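Working notes, beginning with the structure itself.
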Amino acid sequence: MSAKSSASSPVFAWFASRYGEPTPAQEAAWPRIARGENILLASPTGTGKTFAAFLGVLDELVRLQARGELRDTIHCVYVSPLRALSYDLEKNLYAPLRELFGEKPPIRVELRTGDTTASQRARQFTKPPHILLTTPESLCVLLSQEKWLAPLASVRWLIVDEIHALAENKRGAHLALSVERLEQTCGRLQRIGLSATVAPLDEVGRFLTGTHGQCAILDVASAKKIKLSVHTPLRKDPYPEAGYTGQRLIRELGELIRKNRTTLVFCNVRSGAEATTYWLREKFPDLAGEIECHHASLERDVRREVEDRLKRGELRAVVCSTSLELGIDIGSVDLVVMMSTPKGVSKALQRAGRAGHNIHSISRGILMATNVSDLVESCATVLLARERQLDDVRLPDCPLDVLAQHLVSMGCTAHWSRTDALALVRLAYPFRDLDEALFNDVLDYLAGGGASLRQRYREVFGKIELDAEGFHTREGAVRREFLQNIGTIPSVGQVTVRTKSRLLGSVEESFIRQLQIGDVFMIAGHPVRLEKITQMEAWVTRAEGALPTVPRWNANKMPLSNRVAQEINDFRRELRSALDENRDGLTDWIGRRLDCGAANAGIILKTHLAQHELSEIPTADFLLVEELDDEEQNALHYFFHSLIGRAANDALARVVTHRLGETRGGNAIATPHDYGFVLTVARRQRFLEAELPKLLRLENFDEALDGALRRSEMLKYHFRNAAQTGLMVYRNYFDRQKSVRKLQWSAEVIFNVLQEHEPEHVLLREARRDALRTFIDANGARAYLARQATQPVRLRTVAQVPPLSFAMYATRIKEALLVEDPYETMERLYHQWWNQIENGPKPS
């Protein structure tokens, strides 16, 4: 179906008059949707995915209305990971409807999110919208109430937007179960998935359709041109390896902003977005009023104000973390700048796609390298992006806390037999291999809290009535409290920040408790002075001109993708080989190999030559370990060059530390990094090269990692999250958010009991799996050790930190510092270190 061939359709006629020819994404999607097929549409931002998905739906609803057959019930459900996406879509869908029908069109499009008021929810039940725009959590809320099953029984279409942002986490597993329950309620459900950048497409298609459906994969990624390039102010002087001199990039970033009408600047963490916004305003006061900050910890109204100003063309730059990666309508953006690498190809393409927001524009993205390692990594990312070598998403496998939550939800509307409930759950792709015994363990937990708690605390922890045949959810308080605690996003200790007149956002409780009244910190890119702290609120006043502290937010660092790591390893191997053969023309070779220009190639060569002289260039063909005697700290640092990403190195470092403790005693400190890890030990814990294979053996890896986790706080942290999602500890109670301190205390007490009396409790099992799959990468570390078993290990003693170890060393120092801003410290250490390398004696 196309706009040309649909003259009889008012909707397609409107589209033709407004937009002319359809985009490739629309051409591909419309006929498939008209035939009732499930589709997964992969197409960059700005290629018309919204109308590709919705125009056929609108067309059918308009035809029903013309025939007098449009009923007051829900026909289409749209699910987005962000409330703001639904907010934008509501406005965009009403545009054609108003042009066709006037200000009050007969086809209703409405939002249903956590922000929807009680009166709006009541009205939606009395007169349901024809198109319901919602989030995964709100959809589950509706499915948990028997009265909503009738309006949902008429749903024909399900549209899942930004599906890549859901598929790889527990929100996606949660949604997958809701979708299967929705289809059981309404019968045949046509599923439409939308994504800008995702791989592998077949796997994500199976996530969309479940274990029983077919999905047409429509990949039109090449329909829009995306141009990625690397920009760095390094040129003459290489910068510190861990990016601490980000302030020195501000001058060139500001000049890029001046040269473009609108620039979107991505930082990898929220604190980076805050600091960059502040520095830009300080360095460029004439642009200060046109530069804003945007991230998820800012209040919704603050974010929306920034988005609206951006759409109206009032801003020259918005600095954000990940909050603007998804397809929120932000109007026209000329340039996307990424401060340091986004750690993966897919994320780089997705961020760059936010520029040139239409099919005819070229999306321009710049990776701004902050140091030499960043420069090589940026070049590797751009090379892979040009070849469309995307990073694979990793789907969660049978999250038990999500399963527990949905079983309670299912039991709110019916009595389920065990057989029917298990069959339904297995239709969802993340739960396709769910073991029946494990399923029964989850039911047993929901019936009374588990074996160790059931006798004394059944009434406290019991959510369902369970018998040999099946189960249903207990009525009264259990169902009311359940509806307030649906979802998978844990409480992490946020303190609300407000002035007298408005809410600004939130910061971590651990950060705010370290401040004193009168201290100045940064939020929304502005310095504010702390005036008063109540239990979960901080009152502030503006403090323009004062030097602020940058808040920290408890967000996981993005791990380096396997594809980028492999490309860096390939470059190192090729460079090492070239150094051994002939050093003539190496600068030109690096410039061509990395497409980075002569000046940057010279810096890269200079750094790697220094590494070659002081130690050697590590590759994936062997493991290089460097030993440095630190007389100031009276300790030894061991630099392990395992370029496998931070998460896998975290697992590897924990195992090595645990084994060293068993053989040498005492405590060692391990600091993981994308490119390896630093092991800091006392001199009496020194080890020899011959002992390294024992520390790095694959045998008993799981036991050593489990022993390391038991001594850490990580397992306790993940249990607290699993206990919230799995409904053992409620986030919200009687419409109020529970104090995080109370949450932590409740979870810790239960954790200690279960660790001692029921170590195989389903939520403890889930906590262990979360720790091993999401925070650390045990599988990646295990695979690395399997490869390493057949490769040599080399221990080299070094007199100073070699260049390719400085990034690890800088991370080690930063995490040991108690000061808030380690920039000056790292500057001093870097220049002292580089001067020693350039001027000091070379090893023989």
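How charged is the neighbourhood of Tyr445? Take every other residue with its Cβ under 13 Å from the Cβ of Tyr445, and add Lys/Arg as +1 and Asp/Glu as -1. Could you put the intermediate results ahead of the total?
Details: positive: Arg454, Arg458, Lys463, Arg765; negative: Asp401, Asp441, Asp444, Glu758, Glu760, Glu766.
So the environment of Tyr445 carries a net charge of -2.
Carbon and sulfur together cover what percent of the accessible area of the chain at a 1.4 Å probe radius? List each step's numbers first, then the result.
Values: 16020 of 33840 Å².
Summing carbon and sulfur atoms, their accessible area is 47 percent of the total for the chain.
Where the only charges are on Cβ atoms (+1 Lys, Arg; -1 Asp, Glu), what is the dipole of the range 434-577 about its Cα centre, to the nearest 20 debye? The partial results should precede the final answer.
Working: 20 positive and 19 negative charges, 178 e Å.
The calculated dipole for the range 434-577 is roughly 860 debye.
Please name whichever of Ser154, Val393, Ser452 sits farthest to the positive end of the charge dipole of the chain, dipole taken about the Cα centre and charges placed at Cβ: Lys and Arg +1, Asp and Glu -1.
Ser154
Counting only DSSP beta bridges with both residues in the chain, what percent are antiparallel, rounded to the nearest 5?
On the way: 38 of 94 bridges.
Restricted to the chain, the bridges split so that about 40 percent are antiparallel.
Along the Cα-to-Cβ line of Glu465, 7 Å from the Cα, sits a label point; which residues in the range 423-458 have backbone N less than 13 Å from it?
It comes to no residues whatsoever.
Work out the FRET efficiency for Ala423 and Glu544 from their Cβ-Cβ distance, taking R0 = 45 Å, and round it to the nearest 0.05.
On the way: r = 62 Å, r/R0 = 1.37.
With a Förster radius of 45 Å, E is 0.15.
Could you tell me which of the pairs Lys49/Lys311; Lys227/Lys343; Lys347/Lys606; Lys49/Lys227; Lys49/Lys147; Lys259/Lys311 are separated by over 23 angstrom between their Cα atoms in the structure shown? Walk me through the numbers on the way to the answer.
Working: Lys49/Lys311 19 Å; Lys227/Lys343 18 Å; Lys347/Lys606 30 Å; Lys49/Lys227 20 Å; Lys49/Lys147 33 Å; Lys259/Lys311 19 Å.
Violating the 23 Å Cα-Cα cut-off are Lys347/Lys606; Lys49/Lys147.
Give me the number: length gained by fully extending Arg684 to Glu305, i.e. 0.36 nm times residue separation minus the C-alpha to C-alpha distance, one decimal in nm.
Numbers: separation 379, 0.36 × 379 = 136.44 nm, distance 5.86 nm.
Length gained between Arg684 and Glu305: 130.6 nm.
How high is the FRET efficiency from Arg386 to Ser332, r the C-beta distance, R0 25 Å, rounded to 0.05?
On the way: r = 25 Å, r/R0 = 0.99.
Computed FRET efficiency for Arg386 and Ser332 comes out at 0.50.
Is there a quick way to get the dipole size of the range 362-506? I mean about its Cα centre, with the Cβ of Lys and Arg at +1 and of Asp and Glu at -1; what is the value in debye to the nearest 20? Present the calculation step by step, with values, prior to reporting the outcome.
Numbers: 17 positive and 19 negative charges, 190 e Å.
Using Cβ point charges on Lys, Arg, Asp and Glu, the range 362-506 gives about 920 debye.
State the extension gain, in nm to one decimal, for the chain segment bounded by Asp219 and Arg251, taking 0.36 nm per residue of separation less the distance between their alpha-carbons. Don't skip to the answer; put the middle values down first.
Numbers: separation 32, 0.36 × 32 = 11.52 nm, distance 3.95 nm.
Taking 0.36 nm per residue and subtracting the Cα distance, the gain is 7.6 nm.
In deg cm²/dmol, rounded to 500, what helix-only [θ] at 222 nm does the chain give when every DSSP H run of at least 4 residues adds -39500 (n - 2.57) and the total is split over its residues?
Calculated mean residue ellipticity at 222 nm is -14000 deg cm²/dmol.
Using the heavy atoms of the protein chains alone and a 1.4 angstrom probe, what is the accessible area of the range 618-715 per residue in square angstrom?
40 Å²
Work out the charge dipole of the range 56-172 with +1 on the Cβ of Lys and Arg and -1 on the Cβ of Asp and Glu about the Cα centre, then indicate which of Leu142, Ala167, Asn92 is farthest towards its positive end.
Comparing the listed Cα positions along the dipole, Leu142 ranks first.
Using the alpha-carbon atoms, what tilt in degrees (0 to 90, nearest 10) does helix 400-411 show relative to the longest principal axis of the chain?
10 degrees
State, to one decimal in nm, how far the label point of Asn92 lies from the label point of Gln145, with both points 7 Å from Cα in the Cβ direction.
2.8 nm
Do you know the relative contact order of the chain, to the nearest whole percent, from alpha carbon pairs under 8 angstrom that are 6+ apart? Kindly include the intermediate steps, with their values, before the conclusion.
On the way: 1555 pairs, mean separation 99.2, N = 844.
Once divided by the residue count of the chain, the mean separation gives 12 percent.
Helix 49-66: angle to the longest alpha-carbon principal axis of the chain, degrees 0 to 90, nearest 10?
0 degrees
Can you pull the one-decimal nm distance between simple spin-label points at Arg529 and Arg456, each 7 Å off the Cα toward Cβ?
About 5.3 nm separates the two model spin labels.
Cα axis of helix 418-427 to longest principal axis of the chain: angle in degrees, 0 to 90, nearest 10?
For 418-427 against the chain, the angle is about 60 degrees.
Test of understanding: what is the full-extension gain from Asn732 to Lys259, defined as 0.36 nm times their sequence separation minus their Cα-Cα distance?
Values: separation 473, 0.36 × 473 = 170.28 nm, distance 4.83 nm.
Between Asn732 and Lys259, full extension yields an extra 165.5 nm.
Given +1 on the Cβ of Lys and Arg, -1 on the Cβ of Asp and Glu, and no further charges, what dipole in debye does the chain carry about its Cα centre, rounded to the nearest 20?
Working: 110 positive and 107 negative charges, 359 e Å.
With Lys and Arg at +1 and Asp and Glu at -1, about 1720 debye.
Calculated from the structure, Rg and Dmax of the Cα atoms in Å equals which of (1) 34.1, 108; (2) 27.1, 83; (3) 27.9, 90?
Computed from the coordinates, Rg and Dmax of the Cα atoms in Å corresponds to (3).
The values are calculated or read from the model by the stated rules, or taken from the named source; none is laboratory data. All of these numbers come straight from a predicted model, not from anything done at the bench. Glycine gets a Cβ as well: all are built from the backbone with ideal geometry, and neighbour counts include every protein chain shown. Heavy atoms of the whole protein, side chains included, go into the accessibility calculation; ligands, DNA and RNA do not. Shrake-Rupley method; radii C 1.70, N 1.55, O 1.52, S 1.80 Å.
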